[in-house]
Amino acid sequence: DAVLNLRGIEKTYNKGQPGEVQVLRGIDLSVSRGEVVALVAPSGAGKSTLLHIAGLLDTADRGQVAIAGQETAGLSDARRTELRRQDIGFIYQFHHLLPEFSALENIVLPQLANGVPRRDAAERAQTLLARVGVGHRGGHRPAALSGGEQQRVAFCRALANGPRLLLADEPTGNLDPATSDQVFGALMDLVRETGLSALIATHNLDLAARMDRVVRLEAGSVVVASGIA
Ligand code: ADP
Ligand code: ADP
């Protein structure tokens, strides 16, 4: 029972034009339920492109994407958006929190968009914040928080609607090494507690070694898929 199943994914930018670049050359990759997979790739290998395709933010030229058993080929834009909103959580290197709203409100808003009553949304937001160690920071705007706190809030936002799949692109890449280590630990605890499946891109091999499996992407192909005991 794969939560994410990618088969034969190909992607070329600027096809048939100057500057054509074949980014993904037939990627097969699955993430099982409860599995946390590290995606390790040198810069330019196509990691962000792959995460965007897996997250239904971009489309492949060829190949299939299934999310929680649901094939996504031929779905309407509305249905893709709904699937993305309900089943997929995103985390980026930069937090992308809304600056004019409090940390708590940043976690409440996606729940309201999903039809959750405000009181329940606020309670869930507070629980999530407390779980990652920033329960006392919910009333602050992002600018008043440290980089590590901002990312912790971004993790909570990604999990706000109880996704099945977490996609993260260098989630601690913006932080100094010590903070990165702590914040990554908080993320892993949260992922494990909720039984979430995740595909997490990182350059940091120490962090990758804390996941269940490492997938290496080089020049648009998976070169090694090794288990880590
Ligand atoms: P990574 O995340 O591994 O650094 P990306 O997926 O961002 O790699 O990019 C892979 C390659 O595709 C790079 O050579 C990049 O310049 C190119 N690329 C990414 N997005 C676009 C785009 N929208 N148009 C053209 N080329 C792109
Ligand atoms: P980079 O991969 O260059 O570091 P970021 O990760 O900062 O870029 O950028 C986030 C990417 O996610 C952008 O390309 C943005 O267009 C894209 N995006 C599009 N729609 C959404 C969405 N609904 N939620 C989150 N990110 C989105």
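All but one of (1) within 14 Å of ligand 1 (Cβ to nearest atom); (2) at pLDDT 95 or above; (3) of a type outside the set (Gly, Ala, Ser); (4) surrounded by 16 or more Cβ atoms within 10 Å (Cβ to Cβ) hold for Lys47, so report the exception by its number.
The single condition Lys47 does not satisfy is (2).
Would you be able to say whether some residue in region 61-79 is within 26 Å of Met211 (Cβ to Cβ), out of contact with any Lys or Arg (no Cβ under 9 Å at 6 or more places or on another chain), within 13 Å of ligand 2 (Cβ to nearest atom) and not charged (D, E, K, R)?
Within region 61-79 (the criterion being within 26 Å of Met211 (Cβ to Cβ), out of contact with any Lys or Arg (no Cβ under 9 Å at 6 or more places or on another chain), within 13 Å of ligand 2 (Cβ to nearest atom) and not charged (D, E, K, R)), the answer is no, since none of the residues qualifies.
Could you grab me the full set of residues in region 50-83 that are closer than 23 Å to Arg33 by Cβ, modelled with pLDDT under 95 and among the small types (Gly, Ala, Ser)?
Ala68, Gly69, Ala73
Does at least one position in region 98-106 carry a residue that is surrounded by 15 or more Cβ atoms within 10 Å (Cβ to Cβ), within 14 Å of ligand 2 (Cβ to nearest atom), in a helix (DSSP H, G or I) and modelled with pLDDT of 95 or more?
Quick first cut of region 98-106, residues surrounded by 15 or more Cβ atoms within 10 Å (Cβ to Cβ) only: 102-106.
Narrowing the set further to residues that are within 14 Å of ligand 2 (Cβ to nearest atom) leaves 106.
Among the residues that remain, those that are also in a helix (DSSP H, G or I) are: 106.
Of the ones still in play, those that are also modelled with pLDDT of 95 or more are 106.
Among the residues of region 98-106, at least one is surrounded by 15 or more Cβ atoms within 10 Å (Cβ to Cβ), within 14 Å of ligand 2 (Cβ to nearest atom), in a helix (DSSP H, G or I) and modelled with pLDDT of 95 or more, which makes the answer yes.
Does Ala60 fit the bill of being within 16 Å of ligand 1 (Cβ to nearest atom) and assigned to a loop (DSSP other than H, G, I, E, B)? Before you say what the answer is, go through the steps one by one.
Values: within 16 Å of ligand 1 (Cβ to nearest atom): yes; assigned to a loop (DSSP other than H, G, I, E, B): yes.
Here the answer is yes, as Ala60 does meet what is asked.
When the residues of region 85-97 are narrowed to those that are surrounded by 18 or more Cβ atoms within 10 Å (Cβ to Cβ) and away from ligand 1 (no atom under 16 Å from the Cβ), which ends up farthest from Leu167 (Cα to Cα)?
Across region 85-97, the extreme among qualifying residues is Leu97.
Just one of His136, His95, His52 is free of Cβ contacts under 8 Å to residues at least 24 places away in the same chain and within 15 Å of the chain's Cα centre (by Cα); which is it?
On the way: His136 fails: within 15 Å of the chain's Cα centre (by Cα); His95 fails: free of Cβ contacts under 8 Å to residues at least 24 places away in the same chain.
Answer to the selection: His52.
The values are calculated or read from the model by the stated rules, or taken from the named source; none is laboratory data. Note that the coordinates shown come from a computational prediction; the quantities given were computed from them, not determined experimentally. Neighbour counts run over all protein chains shown; Cβ positions are idealised from the backbone, glycine included.
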